[in-house]
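Below: the structure, in structure tokens.
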Amino acid sequence: MGEKQIEFRTSLSVKECGAGFQTGIKEGRGASAIIGGITAKLMGGETLTWYTPQDDSVFAALDDDPPTFAVGCAVPKAQGAHINGSTVHMYVWERGGHREVTLWAHHSLTGASHATKLMEAVRSRIER
């Protein structure tokens, strides 16, 4: 299992960042992830699982700068199981004249390139 993180600034609004994340994830999937989505759907699941990441840490109350918006998505790979794919989160902070964005991905042992591709697809739609 591995993790990746990218941080950048953008002039897009928080809402536009959310739309860019959704488009980037949908369009950034490779053939294996698209097949995985179909397999997951046939198994009774969803092609993509969208959610709001939660900080369940006992120290969460000490966060004096929580993100303005947070979203996560589980992207399955060819076997149709999300455990074989990547989980990508986006955290956006409103900073007045710009937004600060952090993309974070958790991937399987062999999923580093999958996670990178998804993150770069999102980044290309948001970073300005």
Leaving ligands, DNA and RNA out of it, rank ARG123, ARG128 by accessible area with a 1.4 Å probe, largest first.
ARG128, ARG123
Show the residues, 5+ positions off or on another chain, whose built amide H is closer than 5 Å to the amide H of LEU48.
none
Hey, rough spin-label estimate for HIS98 and LYS4, points 7 angstrom out along Cα→Cβ, what's it come to in nanometres?
2.3
Give, in nm to one decimal, the length gained when the segment between LYS26 and LEU109 is fully stretched (0.36 nm per residue of separation minus the Cα-Cα distance).
27.7 nm
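Heavy atoms only, probe 1.4 angstrom, no DNA, RNA or ligands counted: give me ASP65, ASP55 ranked by accessible area, highest first.
ASP55, ASP65
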For region 13-20, in order, what is each residue's ³J(HN,Hα) by Karplus, 6.51 cos²θ - 1.76 cosθ + 1.60 with θ = phi - 60°, in whole Hz (x at glycine and Pro)?
6, 4, 4, 5, 4, x, 5, x
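The values are calculated or read from the model by the stated rules, or taken from the named source; none is laboratory data. The structure presented is a predicted model; accordingly, all values stated were derived computationally and were not measured. No Cβ is skipped: glycine too gets one built from the backbone with ideal geometry, and neighbour counts run over all protein chains shown. We work out accessible area using only protein heavy atoms, side chains counted, and drop any ligands, DNA or RNA first. Shrake-Rupley method; radii C 1.70, N 1.55, O 1.52, S 1.80 Å.
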